[in-house]
Amino acid sequence: AGQPDSDLLRNLKRLVREGEASDACRKMGAGPQFWRLPFYEQNRDGKRELFERADVEIALQSLRETQPDIVMLTGEMSDPHGTHEICAQVFENAAREYLNGGGKPFVRWNYRGAWEEFAVWEGDFFSLFNKEMMERKVGLILDHISQLDPL
């Protein structure tokens, strides 16, 4: 207790989360991408300079390879570890470079989930769906068993 997870345990947790997310994406007809940015590992002691070129390069390469029409990003800035905010900043740096270099323009959709929700008046796009779709969405969320509060 109180000690950082071992490399093996962190890797196992990552594999579980990626498996859950991949399964949910497949059920929705989407393809996930997992960046595995260097800051994930190298910033554990808080001493690494964030947004180093290696982090931005991974996101930039992803944009170049996929040339997306829509990018869905977390809009949460209050996750307990600050990972969502750092990823968003890395993405913004990569997106700026991608678009300034002539990359195909895309639309950004920010979403919020477990840590922070948008107020209704903050939304500019709303997706209406029926009870069946809501049950499907809830099922996909519940499939992320490792992320659920055991209580």
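The values are calculated or read from the model by the stated rules, or taken from the named source; none is laboratory data. Everything numeric here is computed off the predicted structure, so don't read it as measured data. Reconstructed Cβ throughout: ideal geometry from the backbone, glycine too, with neighbour counts over all protein chains shown. Quick note on the areas: whole protein, heavy atoms, side chains included, nothing else; ligands and nucleic acids left out. Shrake-Rupley method; radii C 1.70, N 1.55, O 1.52, S 1.80 Å.
Report yes if R44 is open to solvent by 90 Å² or more (accessible area, probe 1.4 Å), at pLDDT 80 or above and either within 24 Å of F126 (Cβ to Cβ) or among the basic types (K, R) (or both), otherwise no.
Answer is no for this residue.
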Take the residues of region 68-105 that are surrounded by 16 or more Cβ atoms within 10 Å (Cβ to Cβ), touching a strand residue (DSSP E or B) at 6+ places or on another chain (Cβ under 8 Å) and not in a helix (DSSP H, G or I): which is modelled with the lowest pLDDT? G75
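What is the residue count in region 9-23 for residues that are polar (S, T, N, Q) and exposed (fewer than 14 other Cβ atoms within 10 Å of the Cβ)?
1
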